[in-house]
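Questions regarding the structure given below will be posed in turn.
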Amino acid sequence: MWTDVISIFLKSNCPLCQRPTGKVFCVDCTRQLQHCQLSDRHVRSTTEIPVFAWGIYGGALKRAIAALKYEKKSQIAQPLGFWLADAWLNLPSTSSQPIVIPIPLHATKLRDRGFNQAELLARSFCQMTGLKLRSQGLERARQTVRQFELPANEREQNLVGAFHLGSDFRHRRPVRPVLILDDIYTTGATARSAAQTLRQEGIQVFGVVAIAATLKGKG
Ligand SMILES: [Zn+2]
């Protein structure tokens, strides 16, 4: 009887449907999320940066990322980061050991949200892959308009000079290439701007990993 009582206390509600669950997501939502997985995770882009994504930005995965960011359900980051890590570890060539850096939030947004979702995802990703995390590799130089509020042709311009090196790399550049991690990859403008900043500082960019990517609007 006591074990039943204890298990009730250990159960929490699924952040997507509010049903009680012993894990982060309930069985139904886990299934729906798994359906968002991409079969070919190498998202092609017109840039020279290789992009690797776990799933398609839509359906349950889009809801999960929104709940993580806007409803502040930080517990969502762990399973998503693990799934991305699992896919990464299953790549045929994972002998490279890049240093992982999450796309940073501007200090004001970080204060409002209380956490950087990309950093939480990166933590979980690194926990499973064993890759080294440098959460202060980059910093936001200024606050930018939210990308989705802009038409595609203005997104690139919005992010020019958006980043500079963070405290982890400012005084000592990493010797190994870095892997940029973001929650969503849409037009690629954010990743390109981050990569440009790193390369200008002589840092080699291995690629970009994201939980979700749009299949349209790449470039
Ligand atoms: Zn659920």
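Ignoring ligands, DNA and RNA, what percent of the accessible area of the stretch 39-213 is carbon or sulfur (1.4 Å)?
47 percent
Still on this structure: Can you classify the stretch 57-139 as rounded, prolate or oblate using the Cα gyration tensor, where a ≥ b ≥ c are the square roots of its eigenvalues, rounded means a/c under 1.5, and otherwise it's prolate if a/b beats b/c and oblate if not?
Taking the square roots of the gyration eigenvalues as a ≥ b ≥ c, the stretch 57-139 is oblate.
Another question about this same structure. So, with +1 on the Cβ of K and R and -1 on the Cβ of D and E, and no other charges, what is the size of the charge dipole of the chain about its Cα centre, to the nearest 20 debye?
220 debye
Is the stretch 39-213 best put as rounded, prolate or oblate by its Cα gyration tensor, with a ≥ b ≥ c the root eigenvalues, rounded for a/c under 1.5, and otherwise prolate when a/b is larger than b/c, oblate when not?
rounded
Hey, can you grab everything whose amide H is under 5 Å from the amide H of Ala213? Only 5+ residues off in sequence or another chain; H modelled, so Pro and N-termini drop out.
Hits under the 5 Å cutoff: Gly55, Ile56, Tyr57, Tyr185.
Read phi for every residue in the stretch 153-166 and hand back ³J(HN,Hα) as whole Hz from Karplus 6.51 cos²θ - 1.76 cosθ + 1.60, θ = phi - 60°, with x for Gly and Pro.
6, 9, 5, 4, 4, 4, 9, 5, x, 6, 10, 9, 5, x
For the stretch 69-153, which GluC sites (Glu not before Pro) are in a loop by DSSP, counting at most 14 other Cβ atoms within 10 Å?
Passing both the DSSP loop test and the Cβ count: Glu71.
Pairs of Cα atoms under 8 Å, at least six residues apart: use those to get the relative contact order of the chain, whole percent.
Across the chain, relative contact order equals 22 percent.
Which one, Val178, Gly161, Cys126, projects farthest toward the positive side of the charge dipole computed for the chain from Cβ point charges (K/R +1, D/E -1)?
My answer, from the dipole projection, is Gly161.
What does the accessible area per residue of the stretch 39-213 come to in Å², with a 1.4 Å probe and no ligands, DNA or RNA counted?
47 Å²
What FRET efficiency, computed as 1/(1 + (r/R0)^6) with R0 = 25 Å and r the Cβ-Cβ distance, is obtained for Arg173 and Ala107, rounded to the nearest 0.05?
Efficiency at R0 = 25 Å is approximately 0.60.
What is the spin-label model distance, in nm, from Ala141 to Asn153 if the labels are put 7 Å beyond Cα along the C-beta direction?
Output for this residue pair reads 2.5 nm.
Determine the gain in length on full extension of the stretch Arg199-Ser74; use 0.36 nm per residue of separation and subtract their C-alpha separation, reporting nm with one decimal.
Stretched out fully, the Arg199 to Ser74 stretch lengthens by 41.9 nm.
Using the Cα gyration tensor of the stretch 162-219, with a ≥ b ≥ c the square roots of its eigenvalues, what is the shape: rounded (a/c below 1.5), prolate (a/b larger than b/c) or oblate (neither)?
Cα axes put the stretch 162-219 in the prolate bin.
The values are calculated or read from the model by the stated rules, or taken from the named source; none is laboratory data. Treat the numbers as computed from the prediction; the structure is a model and nothing was measured. Reconstructed Cβ throughout: ideal geometry from the backbone, glycine too, with neighbour counts over all protein chains shown. When the accessible area is computed, the model is the full protein with side chains, heavy atoms only, and any ligands, DNA or RNA have been set aside. Shrake-Rupley method; radii C 1.70, N 1.55, O 1.52, S 1.80 Å.
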